[in-house]
1. Residue A:78 versus (1) away from ligand 2 (no atom under 16 Å from the Cβ); (2) touching a residue at least 24 places away in the same chain (Cβ under 8 Å): which is the lone unmet condition?
2. Is it the case that residue B:169 is surrounded by fewer than 22 Cβ atoms within 10 Å (Cβ to Cβ), free of Cβ contacts under 8 Å to residues at least 60 places away in the same chain and either more than 30 Å from residue B:74 (Cα to Cα) or not hydrophobic (A, V, I, L, M, F, W, C) (or both)?
3. Condition (residue is surrounded by fewer than 22 Cβ atoms within 10 Å (Cβ to Cβ), more than 10 Å from every other protein chain (Cβ to nearest Cβ) and closer than 25 Å to residue B:164 by Cα) applied to region A:117-130: is it met by at least one residue?
4. Yes or no: region A:45-65 includes at least one residue that is of a type outside the set (Gly, Ala, Ser), within 16 Å of ligand 2 (Cβ to nearest atom) and part of a loop (DSSP other than H, G, I, E, B).
5. Which one of these is within 14 Å of chain A (Cβ to nearest Cβ), among the small types (Gly, Ala, Ser) and crowded, with 22+ Cβ neighbours inside 10 Å: B:152, B:136?
6. Where in region A:134-249 are the helices (runs of 4 or more DSSP H), entirely inside, with at least 2 residues that are of a type in the set (Gly, Ala, Ser), away from ligand 1 (no atom under 16 Å from the Cβ) and away from chain B (no Cβ under 14 Å)?
7. Go through region B:205-223 residue by residue and tally those that are charged (D, E, K, R) and outside any helix (DSSP H, G or I).
Amino acid sequence: MLTLDRLVRRFPNGTEALHEASLHIGKGDFITLLGPSGCGKSTLLRLIAGLDQPDQGRIAWASGTAPAPGEIGFVFQDPTLLPWADAADNVFLPLRLRGRSRSGAAAEIQAALARVGLERFAHAHPRELSGGMRMRVSIARALVTRPRLLLMDEPFAALDEFTRFRLQEDLQGLWRELGCTVVFVTHSIYEACFLARRIVLMTPRPGRIAQEIVSRLTPGPGARLALAYTELVAEVTRAMQASLARAAA
Amino acid sequence: MTRFAPTLFAGFFLVLWEAAVRLAGAPEYLVPGPVAIVGAFLATPSLFLASLASTLGVTATALAVAAVLGVALALVMQASPLARAAFQPWTVVLQVTPIVAIAPLVVVWVGDPFASVVICATIIAFFPVFSATATGLAAAPPELLDLFRLNGARRWDTLLLLRLPAALPYFLAGLRISGGLALVGTVSAEIVAGSGGVASGLAYRILEAGYRLQVPRMFAALALLSASGVAINAALGALGRALLRGRGEA
Ligand SMILES: Nc1ncnc2c1ncn2[C@@H]1O[C@H](COP(=O)(O)OP(=O)(O)OP(=O)(O)O)[C@@H](O)[C@H]1O
Ligand SMILES: [Mg+2]
């Protein structure tokens, strides 16, 4: 789907967030970007989304052109909903910005809310929803334009473990059902191993791609208890420790 | 109990005041008690109420003008960094200049008493609503701004669907402060204009009664002014709560 070719991002204050980060993202991939805080994960995601430009290197899209508005869905760490709009209007926002009418989009909005299990909460305002439900609205908002690429920046980091497990399983289900490409940033080795087909480790700042581990885990809720999951976590932990040790040396 | 505490305190205070005045035998032209003050009001109620209406009319007009100008300037500064750089430092001048110091100049220049009082009150009411709105327009969360960009939003969409609604609570908080200041500005300007014998507001009633040593009348006008201030503050607070509740917040 796209290839990141030796991306460098240096901020005006001199911080080098990314140093020659290269990665191929295939169509239908589920990739987790895993790395210590400040290693440039969010920066990388923003470059892919076109919200920021690299100082060196390039992003090559398989289609030849950068995606049009709405072809990329972005989910932030906070749900960032409009507090004055109800769930349905929050989900409608990306469609509205592309000139769609509210009545014409009603079916899509309802379908997007149903996909995240919130069909009965279309008229609830953010303050009436729990943290997990708000994040679901945020995911529905990202999915409503049927994006080819879904970028997620630690979307579940602020949630309790019960909610997080539930949303991880739901997200994996959605990915299999919709067949979109997902790049998911996380701090959590457990989360990365459970979700992803490819676990990409980044070095401490300036971030580079240190290593990639391909998961052979059978996806699904049962995966958490599988021996293969524990082994995968161990493998990723070892790789992470080795990467941190190399960086410290 | 805490709900009624302010009312209880007021009642207690008034009774104490009346008792003290009577026991001390203080003459009415020095310290009138509450009964004498109410009596002064009831002697010419229509005169007081007409003055009250005049003062409140000026205050409301000035507040409306200040709100419109404040929002307009905040929008211009949001749209253009150059305008922001040019105006920002100067808006503070409006905030720090004492209104009684400019009022005589405005009265001389403008001539028309109503217009000059409105202008003075607008000058003093302008800053809070302007600066709060400017802050609110700039306070939209960066992630939401990114989301708008990702979906190809034009500037106009971002303003209409994100910046303006996000600024509403800020605007309302600023408007509430400006409401109180509009009254202060109106009374200050009325005092200046009133000494020329042109105004008809409550401040003029105070001046007039002062010249004639009718202290209870001064107190009656003062009480109406305080009550107006409290009412303006409460009304704008209620308006804010109603608007925010109406769109599902607060
Ligand atoms: N706009 C900016 N200006 C200057 N420095 C920045 C900017 N954005 C990020 N940085 C710096 O770049 C580095 C990488 O930031 P980034 O947000 O990409 O890290 P991250 O891996 O997402 O961290 P975390 O896991 O804590 O979210 C950090 O050191 C950060 O301080
Ligand atoms: Mg980050």
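1. With respect to (1) away from ligand 2 (no atom under 16 Å from the Cβ); (2) touching a residue at least 24 places away in the same chain (Cβ under 8 Å), residue A:78 is out only on (1).
2. No, not satisfied.
3. Yes: one or more hits.
4. Residues of region A:45-65 that are of a type outside the set (Gly, Ala, Ser), as a first pass: A:45-48, A:51-56, A:58-59, A:61, A:65.
Filter once more, keeping what is within 16 Å of ligand 2 (Cβ to nearest atom): A:45-48, A:51-52.
Those left that are additionally part of a loop (DSSP other than H, G, I, E, B): A:51-52.
There is at least one residue in region A:45-65 that is of a type outside the set (Gly, Ala, Ser), within 16 Å of ligand 2 (Cβ to nearest atom) and part of a loop (DSSP other than H, G, I, E, B).
5. Result: B:136 is the single residue among B:152, B:136 that is within 14 Å of chain A (Cβ to nearest Cβ), among the small types (Gly, Ala, Ser) and crowded, with 22+ Cβ neighbours inside 10 Å.
6. Hits in region A:134-249: A:227-248.
7. Just the residues of region B:205-223 that are charged (D, E, K, R), to begin with: B:205, B:208, B:212, B:217.
Next, only the ones that are outside any helix (DSSP H, G or I) stay: B:212.
Of the residues in region B:205-223, 1 are charged (D, E, K, R) and outside any helix (DSSP H, G or I).
For every residue, the table says whether it meets (1) at pLDDT 95 or above; (2) away from ligand 1 (no atom under 16 Å from the Cβ); (3) among the small types (Gly, Ala, Ser); (4) over 17 Å from the mean Cα position of the chain (by Cα).
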site	(1), (2), (3), (4)
A:48	yes, no, no, no
A:55	yes, no, no, yes
A:65	no, yes, no, yes
A:70	no, yes, yes, no
A:85	yes, yes, yes, yes
A:95	yes, yes, no, yes
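The values are calculated or read from the model by the stated rules, or taken from the named source; none is laboratory data. Predicted model only: the values in this text are computed from it and were never measured. When we count neighbours, we look across all protein chains shown, and the Cβ atoms used for this are built from the backbone with ideal geometry, even at glycine.
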